[in-house]
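The values are calculated or read from the model by the stated rules, or taken from the named source; none is laboratory data. Because the structure is a prediction, the values reported are computed rather than measured. All Cβ positions, even for glycine, are placed from backbone atoms using ideal geometry, and neighbour counts span all protein chains on display.
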Amino acid sequence: MDLGLKGKKAIVTGGTRGIGRAIAETLAAEGCDVAICARNADQVKEAVAALSESGVKALGGTADIADGAALKEWIADTAKALGGLDILVANASALQNGNDEKSWRACFEIDVLGAVNAFEAALPFLAEAAKKSGDASATFISSISAAESDGANSYGALKAAQIHHAKGLARQHAGAHVRVNTISPGTVYFKGGVWDMIEQHMPDTFKQAMERNPTGRMATPQDIANATVFLASPASSFTTGTNLVVDGAISRRVNF
């Protein structure tokens, strides 16, 4: 299937490792010019060099997602440097599961306001791209934790807020052909990631998580990237306001 991504322009926040890196690499492999941001300048430099090997334009910058003004400025400047913007993927996350004030603030500032501010800055460019081609998209990376809870925690509650916000944006901007969707991954394993750390330091917890996965494995970042890139592409031009669960059936709820 031709996803229609060749020559498109994309921004991925949190794009140097894990899910974000896989999304950026998959977009580049499809012929999409890609810009990424993260906090670590060395990791950004390495990722941009690797993305450039796909023969596309690749840009990168350091950004503190919690600094709304700086994030907006980076997205606007980067969209101009790319020559426009067709796709935004808001992937950055605080990954805080606590129920203390620090965890709530981190998840609100990065997961929720990060997506809010990124979309606000990207919207004029997405709207212009949609006017020209008939389609532009924003995708927020949420989590099945949005609808699965064993106790109060900031991460799940504010991932749920992302999904709710995306649905409102989707309806608000549907007439302009700017689509907004969310992806909700289940457990995702990669070296240096959360579940790698749990495997090393909390083996019993890791074993229990593996036993809950009906497929017998956790997702790879590429599993999530494949779904994200398809949903973000013109091949999904009539899909907006959806929350696509990519969890290997680990969750029990029915998605109506």
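I need the full set of residues from the range 95-106 which are under 24 Å from residue 24 (Cβ atoms) and at pLDDT 95 or above, in order please.
Across the range 95-106, the qualifying residue is only 106.
For the condition within 24 Å of residue 66 (Cα to Cα), within 16 Å of the chain's Cα centre (by Cα), part of a strand (DSSP E or B) and of a type outside the set (S, T, N, Q), what is the one hit in 166, 138?
Numbers: 166 fails: part of a strand (DSSP E or B).
Answer to the selection: 138.
So, residue 51, is that one crowded, with 23+ Cβ neighbours inside 10 Å, modelled with pLDDT of 95 or more and more than 13 Å from residue 13 (Cα to Cα) or not?
Against the criterion (crowded, with 23+ Cβ neighbours inside 10 Å, modelled with pLDDT of 95 or more and more than 13 Å from residue 13 (Cα to Cα)), residue 51 qualifies.
Go through the range 155-168 and report how many residues are of a type outside the set (Ser, Thr, Tyr), surrounded by 22 or more Cβ atoms within 10 Å (Cβ to Cβ) and touching a Gly at 6+ places or on another chain (Cβ under 9 Å).
Qualifying residue count, the range 155-168: 1.
Among (1) assigned to a helix (DSSP H, G or I); (2) farther than 22 Å from residue 8 by Cα, there is one condition residue 152 misses while meeting the rest; what is its number?
Residue 152 satisfies every listed condition except (1).
Specify the residue that is surrounded by the fewest Cβ atoms within 10 Å (Cβ to Cβ); the eligible residues are those in the range 9-48 that are touching a residue at least 60 places away in the same chain (Cβ under 8 Å) and assigned to a loop (DSSP other than H, G, I, E, B).
17
For residue 2, all conditions in the list (1) among the charged types (D, E, K, R); (2) part of a loop (DSSP other than H, G, I, E, B); (3) under 16 Å from residue 122 (Cβ atoms) hold save one; what is the number of the exception?
(3)
So which of 240, 215 ends up being under 21 Å from residue 89 (Cβ atoms) and part of a loop (DSSP other than H, G, I, E, B)?
240
Mind telling me which of the residues 147, 152, 138 ends up being of a type in the set (A, V, I, L, M), at pLDDT 95 or above and over 21 Å from residue 222 (Cβ atoms)?
It is 138.
Let's see how each residue does on (1) within 24 Å of residue 30 (Cβ to Cβ); (2) among the aromatic types (Phe, Trp, Tyr):
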position: 173; (1), (2): yes, no
position: 178; (1), (2): yes, no
position: 185; (1), (2): yes, no
position: 192; (1), (2): no, no
position: 195; (1), (2): no, yes
position: 198; (1), (2): no, no
position: 213; (1), (2): no, no
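Quick check on my filter: what residues within the range 137-161 are under 17 Å from residue 91 (Cα atoms) and of a type in the set (A, V, I, L, M)?
138, 141, 144, 146, 157, 158, 160, 161
Is it the case that the range 77-94 has a residue that's of a type outside the set (Gly, Ala, Ser), in a loop (DSSP other than H, G, I, E, B) and more than 20 Å from residue 28 (Cβ to Cβ)?
no
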